[in-house]
Amino acid sequence: MKITTLTLNPAFDLHCYADAFLPQRENLFEITARDAGGKGVNVSRALKANGVENAAVCIVGSENGEEFLASLRAEGLTVRAVKAAGRIRENITLHEKEKAETRISFKGFAADEGLLAEVLDALGDLGEGSTVVFAGSAPEGLTEAALVAFLKRIKDTGASLAIDSRALSLSSILSLRPMLIKPNKDEAEAALGVTLQSIADAREAAEALHKKGVENVLLSLGGEGAILCADSGTYYAPCPEVAVLSTVGAGDSTVAGFLSAKSEGLSDAEALARAVAFGSAACMLAGTAAPRREDVAALIEKIEVQRL
């Protein structure tokens, strides 16, 4: 499997720490990490860290794009970029002692449909055996119709699509018949108009999406684990217990784990176990760090996949 990730709206991820965040007061936070990120980039980073070669294609703002690209290349990533006028946005994650994270996001550069033609060229030769991971948001200026038409052109090459993006409605995603989608609990509830209160509810939601034409539905449930609905059946894997330092990028690592397993021809149950191990291992590290191989290997031993 040839894997290429696609990030149309990347970001610099700033991670800041203080014992407590006081609203409507002056706060002093320590910057603990500043990472070049974005959902597709995070998938590429997790794959590369675990020995899976891939390429990351992204649009970058001309004002700070070189810094972004230099950071990724220093990590050993293969990156192909298209430039837009403006700046890459910044996301700030505030970490407090023993409290949930607070995230603040800013707008970045705008794009137009002409840039999508350049992105298609940057993707290079695709075809059968290729998988393109479309992940994250879209910059201002790109309509949903333009994104769907663009992704259909990718599919027309014979490549498979893995989609983890709120830029597309459920109907648009279904029209693309992707190989993989990875909604989280909130996204699945919004897409289907349901409330998921149990594993049984989550199973029904994943199976409903699968029946609508999605080959693999990987429904992440945060600390409760994940459900995979595929042609071979429906499976559930609980998360192993880990000390959580940051959840930023954990969902992207989950996607990477699934794809890495499939690139090796592993079974659906094994792919789910690896997906959960990747996501859990990412949570053990601060910032947007990629899961470490040794952590993934240790966690897989603790994951028991159940066939539902």
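Please indicate, with yes or no, whether at least one residue in the range 32-54 is farther than 20 Å from A250 by Cα, of a type outside the set (S, T, Y) and either at pLDDT 95 or above or surrounded by 15 or more Cβ atoms within 10 Å (Cβ to Cβ) (or both).
So far as the range 32-54 goes, no, none of its residues is farther than 20 Å from A250 by Cα, of a type outside the set (S, T, Y) and either at pLDDT 95 or above or surrounded by 15 or more Cβ atoms within 10 Å (Cβ to Cβ) (or both).
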Find all pairs meeting these conditions: Cβ atoms under 8 angstrom apart; at least six residues apart or on different chains; first residue within the range 247-259 and farther than 22 Å from S130 by Cα; second residue among the polar types (S, T, N, Q) and assigned to a helix (DSSP H, G or I). G249/N42; A250/S280
For the range 9-32, does any single residue satisfy the condition of being of a type in the set (S, T, N, Q), touching a Lys or Arg at 6+ places or on another chain (Cβ under 9 Å) and closer than 18 Å to K107 by Cα? yes
Cβ contacts < 6 Å: first residue without any contact (Cβ under 8 Å) to a residue 40 or more places away in the chain, restricted to the range 175-192; second residue among the small types (G, A, S), any location; separation 6+ or different chain. Result? R177/G213; A188/A205; L192/A205
Unmet requirement for A81, which otherwise passes all of (1) out of contact with any Cys (no Cβ under 7 Å at 6 or more places or on another chain); (2) in contact (Cβ under 8 Å) with a residue 40 or more places away in the chain; (3) crowded, with 18+ Cβ neighbours inside 10 Å: (1)
For residues in the range 207-219 being outside any helix (DSSP H, G or I) and modelled with pLDDT of 95 or more, which is surrounded by the fewest Cβ atoms within 10 Å (Cβ to Cβ)? E215
Please find, within the range 1-31, the residue that is surrounded by the most Cβ atoms within 10 Å (Cβ to Cβ) out of those that are within 13 Å of R89 (Cβ to Cβ) and modelled with pLDDT of 90 or more. P10
Within 18 Å of the chain's Cα centre (by Cα) and among the aromatic types (F, W, Y): does that describe F150? no
I'm checking my understanding of the structure. Among residues of the range 149-172 that are touching a Lys or Arg at 6+ places or on another chain (Cβ under 9 Å) and assigned to a helix (DSSP H, G or I), which one is nearest to A250 (Cα to Cα)? L170
If I go through the range 44-94 residue by residue, how many of them are out of contact with any Lys or Arg (no Cβ under 7 Å at 6 or more places or on another chain), over 27 Å from F278 (Cα atoms) and part of a strand (DSSP E or B)? 3
Taking the criterion of being at positive phi and surrounded by 14 or more Cβ atoms within 10 Å (Cβ to Cβ), would at least one residue in the range 132-140 satisfy it? yes
All but one of (1) in a helix (DSSP H, G or I); (2) at pLDDT below 95; (3) of a type in the set (G, A, S); (4) surrounded by 14 or more Cβ atoms within 10 Å (Cβ to Cβ) hold for A146; which doesn't? (2)
Does A206 count as in contact (Cβ under 8 Å) with a residue 12 or more places away in the chain and either in contact with a Leu (Cβ under 6 Å, 6 or more places away or on another chain) or closer than 26 Å to M284 by Cβ (or both)? yes
G251 vs (1) under 25 Å from F12 (Cβ atoms); (2) in a helix (DSSP H, G or I); (3) more than 16 Å from the chain's Cα centre (by Cα): all pass except (3)
Any chance you could count how many residues in the range 95-139 are part of a strand (DSSP E or B) and closer than 30 Å to Y17 by Cα? 7
Got a number for residues in the range 93-130 being β-branched (V, I, T), touching a residue at least 40 places away in the same chain (Cβ under 8 Å) and exposed (fewer than 14 other Cβ atoms within 10 Å of the Cβ)? 1
Flagged pairs (Cβ under 6 angstrom, 6 or more apart or on separate chains; first in the range 217-236, over 12 Å from I199 (Cα atoms); second surrounded by fewer than 23 Cβ atoms within 10 Å (Cβ to Cβ) and among the acidic types (D, E)) are C229/E207; A230/D268; S232/D268
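The values are calculated or read from the model by the stated rules, or taken from the named source; none is laboratory data. Treat the numbers as computed from the prediction; the structure is a model and nothing was measured. Heads up, the Cβs are rebuilt from the backbone with ideal geometry, glycines too, and the neighbour counts pull from every protein chain shown.
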